1. Six or more apart or on different chains, Cβ atoms under 8 Å: show the pairs whose first residue is in the stretch 147-175 and farther than 18 Å from Ala310 by Cβ and whose second is of a type outside the set (A, V, I, L, M, F, W, C).
2. Scan the stretch 39-76 for residues that are in contact (Cβ under 8 Å) with a residue 60 or more places away in the chain and of a type in the set (D, E, K, R) and report the count.
3. Suppose we filter Ile106, Ile74 for residues that are under 20 Å from the mean Cα position of the chain (by Cα) and closer than 19 Å to Tyr319 by Cα; which single one remains?
4. Which of the residues belonging to the stretch 300-314 are in contact with a strand residue (DSSP E or B) (Cβ under 6 Å, 6 or more places away or on another chain) and assigned to a helix (DSSP H, G or I)?
5. For the stretch 320-372, list the strands (runs of 3 or more DSSP E) that sit wholly inside it and hold at least 2 residues that are more than 19 Å from Thr66 (Cβ to Cβ); which are they?
6. Within the stretch 1-55, work out how many residues are among the aromatic types (Phe, Trp, Tyr) and over 29 Å from Phe169 (Cα atoms).
7. Looking only at residues in the stretch 275-288 that are assigned to a helix (DSSP H, G or I) and touching a helix residue (DSSP H, G or I) at 6+ places or on another chain (Cβ under 6 Å), which one is farthest from Ala119 (Cα to Cα)?
Amino acid sequence: MPLIDMPDFSPDLLTEFAARRTERVNTPVIQPAEPFLDMAGEDLRRRIFLTESETGANLCLRPEFTIPVCLRHIETATGTPKRYSYLGEVFRQRREGAHEFYQAGIEDLGDTNIAGADARAILDATGILKALLPGARLELTLGDQAVFEAVVRALGLPLGWQKRLIHAFGDMTHLEALLDRLARPQPVTGLDREVTDLIASGNEAELITRIDRTMEETGYSTNASRSPTEIARRLKEKLELAETRLDGGALLLLREFLTLQLPLAEAPAALVGFADAADLKLGPAIALFDARLAALANAGADLSAMTYRAAFGRPLDYYTGLVFEVTQADSSAVLAGGGRFDRLLTLLGAKERIPAVGFSLWLDRIETARAK
């Protein structure tokens, strides 16, 4: 029995989903916890409700629908392309105070026309909101993780630093802290002097022997989850990353990129100008950005209500490209948000890569906006 009432506009919402030829699905409220803990991001991990099965397996109350819908798609061996819609309760701690609320949305799986599917997700989200909030002035903020990743790769940072920065995309506080560390590297503390000397000398075999001996002496080796070889390589990587410094010019370029914020229609020219001035090769990422913009324009989207912000991301780790959120003018409450998650289904067990894009609607916020 639901603890809260279904929004009274739910029939209208289901009509909108049917008009878009989606298959409505539901998923169990109790879900395996690992996929959310591994892939959903730190922001969501802090707010989910965990429990255990009788066998000790980690479970959780369903905190969102994207991962469960993708798991269901894999388990049922349904072919693609496939468009799913959902409407149901999710459970997580929120700043608004409520722990249970209704969420709805569409997941678009397997469409290889990436730009077209991205544009459709944006148009579906805004179209449904316009139907539920007639006369409302909507604003859309768009970011692109693929463009950010291309900038980071072009700067030539070590792979470990690239992963750190990409993982922090969308969280400017975390990202700024990482940039400060790149500007002023901090020495690694707590390592034995002999170990640091061995790492510096490049004598990996002796380092592994030293770690193995220490593990034997302390008794740690009997229940260690990592071998001496793995520990040695992780220590070496940690030291190399700690000593990495991004030169002032490259750091300035990255900070300059993150300040870009302008009308969506002007974004392609701004990105090309930035890449040329910085002498960075961003061609493929910008080409896909251009194709998405063209698909939106060809579909008659109102580009004047859309803003590109280079630093904009969403707090879920599985996004890979487009990310967006929709708000009502003069309000910060997010009514819809989504993006592209091309790696997620493979990580969840799909045998082949399945491109995917989707969005969620926050029904309690839409209900509040309808009441005004």
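The values are calculated or read from the model by the stated rules, or taken from the named source; none is laboratory data. Not measured: the values here are computed from a predicted model. With ideal geometry, Cβ positions are generated from the backbone for all residues, glycine too; neighbour counts draw on all protein chains shown.
1. Here the result reads Pro158/Glu240; Pro158/Thr244; Gly160/Glu237; Gly160/Glu240; Trp161/Thr244, each pair linking the stretch 147-175 to a residue that is of a type outside the set (A, V, I, L, M, F, W, C).
2. So the answer is 3.
3. Exactly one residue qualifies, and that residue is Ile106.
4. Ala305
5. Correct list: 322-328.
6. Qualifying residue count for the region: 2.
7. So, considering only residues that are assigned to a helix (DSSP H, G or I) and touching a helix residue (DSSP H, G or I) at 6+ places or on another chain (Cβ under 6 Å), the one farthest from Ala119 (Cα to Cα) is Ala278.
The rows are residues; the columns are (1) aromatic (Phe, Trp, Tyr); (2) surrounded by 14 or more Cβ atoms within 10 Å (Cβ to Cβ); (3) at pLDDT below 90; (4) more than 30 Å from Gly143 (Cβ to Cβ).
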site: Thr209; (1), (2), (3), (4): no, yes, yes, yes
site: Asp212; (1), (2), (3), (4): no, yes, yes, yes
site: Arg245; (1), (2), (3), (4): no, no, yes, no
site: Gly248; (1), (2), (3), (4): no, no, yes, no
site: Leu254; (1), (2), (3), (4): no, yes, no, no
